[in-house]
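Worksheet: the structure to be examined is printed underneath.
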Amino acid sequence: MRRRRLPHHRLRHRRPRHRGVLAHRAPGGPQDNIALLAKIRGALKPGGTLVICDFVVDDDRSGPPFALLFAAEMLLKSRQGTTWRQADYHAWLTKAGFDDISFHPTPSPATVILAR
């Protein structure tokens, strides 16, 4: 499988051409994230998959501990200053046109999100 980094502006295609896109995390506020995810959805071929790897907190923000510590770090070093909940990702991905969304814990503190 061939991998390339695509800047945001490269996701504007007249016809979908990517089988999969890997993203590290949602970088902006809710509206910016929905817009970016919609661009990614438009760049995927039918049946294509978006893979997101992020430190996702529980919906009630009670854990996991590393994701909560990362949220504190983001608060100190960024304008948005947070980590996102599963409910946030699910809502954004649904609004962006994805309908098959799943969350997968990993042996690391990160969660992998698959969206088709």
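The values are calculated or read from the model by the stated rules, or taken from the named source; none is laboratory data. Predicted, not measured: the structure shown is a model, and the values here were computed from it. In this analysis, Cβ positions are derived from the backbone assuming ideal geometry, glycine residues included, and neighbour counts consider all displayed protein chains.
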*Tally the residues that are acidic (Asp, Glu) and at pLDDT below 95, restricting the search to the range 64-109.*
2
*Mind checking which residues of the range 63-97 are touching a Phe, Trp or Tyr at 6+ places or on another chain (Cβ under 7 Å) and of a type outside the set (S, T, N, Q)?*
66, 67, 70
_Among the residues in the range 29-37, are any over 18 Å from residue 114 (Cβ atoms), touching a Pro at 6+ places or on another chain (Cβ under 9 Å) and surrounded by fewer than 19 Cβ atoms within 10 Å (Cβ to Cβ)?_
no
_Name the single residue that is surrounded by the most Cβ atoms within 10 Å (Cβ to Cβ) among those in the range 40-58 being in a helix (DSSP H, G or I) and among the small types (Gly, Ala, Ser)._
43
*Of the residues that make up the range 76-94, is at least one part of a helix (DSSP H, G or I), free of Cβ contacts under 8 Å to residues at least 24 places away in the same chain and surrounded by fewer than 14 Cβ atoms within 10 Å (Cβ to Cβ)?*
yes
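Residue-wise test of (1) in contact (Cβ under 8 Å) with a residue 40 or more places away in the chain; (2) more than 14 Å from residue 105 (Cβ to Cβ).
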residue	(1), (2)
30	yes, yes
33	yes, yes
38	yes, yes
47	yes, yes
53	yes, no
60	no, yes
*Among (1) closer than 20 Å to residue 49 by Cα; (2) among the charged types (D, E, K, R); (3) surrounded by 13 or more Cβ atoms within 10 Å (Cβ to Cβ), which single condition is residue 100 missing?*
(3)
